[in-house]
1. Could you sort the peptides 277-284, 449-456, 338-345 by per-residue average Cβ neighbour count (10 Å cutoff), highest mean leading?
2. What are the lysines whose alpha-carbon lies under 29 Å from the alpha-carbon of Lys311, with same-chain residues fewer than 8 places away excluded?
3. Could you state the number of Å between the C-alpha centres of region 429-452 and region 237-255?
4. Region 346-580: D in µm²/s via Stokes-Einstein (Kirkwood Rh, Cα pairs, 4 °C, 1.567 mPa s)?
5. Helix 248-262 versus the longest principal axis of the chain: what angle, 0 to 90°, nearest 10, using Cα atoms?
6. Please work out the FRET efficiency for the pair Phe157 and Ser377, using the Cβ-Cβ distance as r and a Förster radius of 41 Å; give the result to the nearest 0.05.
7. Using only the alpha-carbon atoms, how far is helix 391-409 inclined from the longest principal axis of the chain? Give it as 0 to 90 degrees, nearest 10.
8. Using the heavy atoms of the protein chains alone and a 1.4 angstrom probe, what is the accessible area of region 346-580 per residue in square angstrom?
Amino acid sequence: MTTRKPGGRTRPRHRRVFRLTSRVFWDMAIYMVGLGLGVGVIFPPFAVLMGVPDTIADRPVFRSACLVAGFLVGAMNYALCRGVVGGRMEVLGGHLRSATSVITSASRSGDWSEAVFERIAVDSNDQIGEAGRAFNSLLGAVEGRKELEDQLRYQAFHDMLTGLPNRAFFMEQLAAAECVRQESRTPSAVLFLDVDNLKAVNDNLGHEGGDTLIKLLCDRLLSSVRDTDTVARLSGDEFAILLTGPGSEHQAERVAHRVIDSLRAPTRIGEHLVRTGFSIGLATSSACAASGIGMLRAADMAMYAAKAGGKGRLEVFQPSHHTAHLERDAVRAELSGALDADQLELHYQPIVDVSSLQIVGFEALLRWRHPERGVVSPLEFIPLAEETGLIVPIGRWVVQEATRQAAAWQNRSPLGRLRMSVNVSVRQFQHPDLVRDVAEALHRSDLNPSLLTLEITESLFAQDIEETTRKIGQLKDLGVRLALDDFGTGYSSLSYLRRFPIDTLKIDKSFIDGVTTSPEDHAVVAAITQLGQTLRMEVIAEGLECSDQVDALRFLDCPLGQGYHFSRPLTPGDAVKLMLTGGRASTGMLVPA
Ligand code: C2E
Ligand code: MG
Ligand code: MG
């Protein structure tokens, strides 16, 4: 074995050991020879002075005896010093040896958590004391490093907000569970949990509110599992639980239901009551082994199905979830080509004056005419388009096409000018090109800007409010109108309604559904209609499906409505036919989509 000197030369390690040993040997030899010679040479003349006769002092035997006595005293002296000093050196050496072995094994394994160092109690100021102090301060530095490494290790494997293990830790546990399953057929189960509505809570109560909610949810999760189960936070709103051992599959279902039940009642955050829940996917090792798919991925897919099926529920992984996942991936890939392949089209749903039943305008609703799947609903592909950013070019096309169509249809309505509403999603609104795109579409189509309404949602007010204000101002400068779509489902405060130049409130269908049956819904619809009148905003009731609802809205003085009762969204051709009949939507005039 060799050690490398800074200069680059290597020298054998045993030479150093030898030099240390020989140094001790030479120290002793020089000391003894020095003392022996000193005593042997100096003592005989002293002996004469002290009265020993010359005849004896000059005899070689006497001189030799002095020399031997000098050597012996030197040797005893040396042995005494070694005994006293060597004991202390032994203490120092012992500590050094144990510290060295701890440091060596910790650096080999990379795990410093078990490394424990003992300091030396130093109570002398000599060289050994100084060496002891230097040793202690070296240990201090090593311990500092150990703490830092512990901290880094903790950070690498834990979520800082909740202190729960993170994705990396969970994946290690999962891999270990998989090994155990393969070796001893011990089953395991994974729950993938996604918080419903966290974004809304963040939007409305700020990130502090969201963080408080996450911590509360974390407490509830921990109280729903056994100590042996692993609960991890995988990302912002995603958690996972790993259960191992016999019965873990049934146990996992019980845990999932306990978690869901624990969130039935609203959670209090400061002064607010927040309604939230977990959508949970469960995957068991046996199902995953049979399908050849990773447990976490399978649980994630099942969670997606739980969310699609109405949130706040448990879904157990089935192979069909995998198929659905692959289909979604395929749809995502196909959607990017849909615009170029001319597969997107707009359908138009009339907006009707509920008193005169005259059509006053249309809402443009996007459809994807898929070559194999037929007409695909925007509810299916708009979220994917938002995820991928495709909503920006698609939305640009929608604005262009709708303004072109509106310009072409002008004066088809008996009332004269026809309005056109276009939906704008949050991501599309936030894109820097939006204002320019709208201006260009208006310019190209030559449509009067006041006939174009952009439908935005309340969630926009939860974004960067200054940027939203600036953009709304720019759009208003173009002369377009703004409507708040699905009004009542978000959390927008009344101050936003006053602050922003909103022209229209569209009452969400969920309130209209109960307007004739639920006193609460009736009261909400009445209040929104009143609010619209007070703030001088137009009000449109969405999702009118029967004449009783139309009567109720007429009674409440809600001026405009939209819904299947009047007409489903129509192809441009059918919309023209409808307008040619006089633009009067009546109960007997339902046109198939
Ligand atoms: P939305 O803007 O609230 O549009 C109203 C939705 O309610 C439409 O669904 C419409 O067909 C449906 N609807 C209208 N009357 C009734 C009724 O009486 N009963 C029932 N059950 N439903 C009714 P659609 O066309 O499936 O659109 C769904 C959502 O997709 C829209 O909700 C809108 O948020 C979004 N969307 C549609 N087109 C676009 C678009 O071009 N861009 C963006 N960003 N989003 C769009
Ligand atoms: Mg809309
Ligand atoms: Mg709506």
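1. 277-284, 449-456, 338-345
2. Lys199, Lys215, Lys506, Lys509
3. 52 Å
4. Roughly 71 µm²/s, to the nearest whole number.
5. Helix 248-262 sits at roughly 60 degrees to that axis.
6. 0.45
7. 10 degrees
8. For region 346-580, the per-residue accessible area is 43 Å².
The values are calculated or read from the model by the stated rules, or taken from the named source; none is laboratory data. Quantities reported herein were computed from a predicted structural model and do not represent experimental measurements. Cβ atoms come from the backbone with ideal geometry, glycine included; neighbour counts cover every protein chain shown. Just so you know, the surface numbers come from the protein's heavy atoms only, side chains and all, with ligands and any DNA or RNA stripped out. Shrake-Rupley method; radii C 1.70, N 1.55, O 1.52, S 1.80 Å.
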